[in-house]
1. Among Pro99, Pro68, which is part of a loop (DSSP other than H, G, I, E, B) and closer than 29 Å to Gln222 by Cβ?
2. With the checklist (1) farther than 30 Å from Arg227 by Cα; (2) open to solvent by less than 60 Å² (accessible area, probe 1.4 Å); (3) small (Gly, Ala, Ser) in hand, flag the one item Ser23 doesn't pass.
3. Starting from residues that are within 12 Å of the chain's Cα centre (by Cα) and aliphatic (A, V, I, L, M), keep the ones in the range 27-47 and report whichever is surrounded by the fewest Cβ atoms within 10 Å (Cβ to Cβ).
4. Just name the residue that is most open to solvent (accessible area, probe 1.4 Å) out of those in the range 130-165 that are without any contact (Cβ under 8 Å) to a residue 60 or more places away in the chain and aromatic (Phe, Trp, Tyr).
5. For the range 114-129, does any single residue satisfy the condition of being of a type in the set (Gly, Ala, Ser), open to solvent by less than 60 Å² (accessible area, probe 1.4 Å) and touching a Pro at 6+ places or on another chain (Cβ under 9 Å)?
6. Give Leu209, Leu170 a once-over and let me know the one that is at pLDDT 90 or above and open to solvent by less than 80 Å² (accessible area, probe 1.4 Å).
Amino acid sequence: MIGFLGNILGSILKLVYGFVSSSLGSEPAQISFYAIAIILTTIIFKLMLLPINLQQTRSTKKMGEIQPLMKEIQTKYKNDPQTMQVKMQELYKKHKYNPASGCLILLVQLPIIFAFFAVFREPATYAFTEPGLYESMAKNFLWITNLENPDIYLWGLPLLSAVTTYIQSLTMGQGNKDPQAMATQRIMNYMLPVMIFMAARSFPAGLALYWVVSNIFTIVQQVISNRSTLSIKGAK
């Protein structure tokens, strides 16, 4: 599955690279065609997943809205599991919420995300398969001389990966009123960026660049979504 999807996504990266190189003509000194192709392909990838991501966002917000009602049912019927289950189902039906939807959406996304990681780890395998093509390409990006190697500056893409992951976690967690969920979210808000920072130190810089651009896209999407929700609630 990963190999199949990797070939598809690699083809997209190659098409974007071809479009960029033919459209711009001369290659910029500071940003290679390959770096531009990574950025554009990441945006295309996020746009492809946008309907799924929006559905996941709606599901998460709906879960946050009914969480207090779920707690009430769990407290009231803690000694009657059968009635609790019936009441839960009635609650889900009333609010048109499917508790399995979040997991299903994540399961749809994971193979695609893993495949994209594979493409940026091994672009010569999945995208630029012609002998010598990938080796002959310029791969610089601003301070990075070669995107297939890790960024040697910790303040560079590793730090940007961690910071954008932290901001994304904050925007994703807005609207959740459940104290236990909020406590878990706070822990993840700090743990995940640290883990990403450590991982990005060994990632190929091209993969870290993908991660940063992907996070920025999600942050913008989430901010717009949060503001839209607040506007709707204010209108009511």
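1. Working: Pro68 fails: part of a loop (DSSP other than H, G, I, E, B).
Pro99 is the lone residue from the list that is part of a loop (DSSP other than H, G, I, E, B) and closer than 29 Å to Gln222 by Cβ.
2. Tallying (1) farther than 30 Å from Arg227 by Cα; (2) open to solvent by less than 60 Å² (accessible area, probe 1.4 Å); (3) small (Gly, Ala, Ser), Ser23 fails exactly one: (2).
3. Kept after step one, since they are within 12 Å of the chain's Cα centre (by Cα), are these residues of the range 27-47: 42-43, 45-47.
Now narrow it down to the ones that are aliphatic (A, V, I, L, M): 43, 47.
Numbers: Ile43: 15, Leu47: 12.
That would be Leu47.
4. Restricting attention to the range 130-165, the residues satisfying the condition of being without any contact (Cβ under 8 Å) to a residue 60 or more places away in the chain are 130-136, 143, 145-146, 148-165.
Then drop every residue that is not aromatic (Phe, Trp, Tyr), which leaves 134, 143, 153, 155.
Numbers: Tyr134: 16, Trp143: 81, Tyr153: 92, Trp155: 147 Å².
Taking the candidates together, the pick is Trp155.
5. The initial filter retains those residues of the range 114-129 that are of a type in the set (Gly, Ala, Ser), namely 115, 118, 124, 127.
Within this subset, residues satisfying the condition of being open to solvent by less than 60 Å² (accessible area, probe 1.4 Å) are 115, 118, 124, 127.
From what is left, the residues that are touching a Pro at 6+ places or on another chain (Cβ under 9 Å) are none.
No: zero hits.
6. Values: Leu170 fails: at pLDDT 90 or above.
From the options Leu209, Leu170, the qualifying one is Leu209.
The values are calculated or read from the model by the stated rules, or taken from the named source; none is laboratory data. For clarity, every value in this text was computed on a predicted model and none was experimentally measured. Ideal geometry is used to build each Cβ from the backbone, glycine not excepted, and the neighbour counts take in all protein chains shown. For the accessible areas, the whole protein counts, side chains as well, though only heavy atoms, and no ligand, DNA or RNA atoms are used. Shrake-Rupley method; radii C 1.70, N 1.55, O 1.52, S 1.80 Å.
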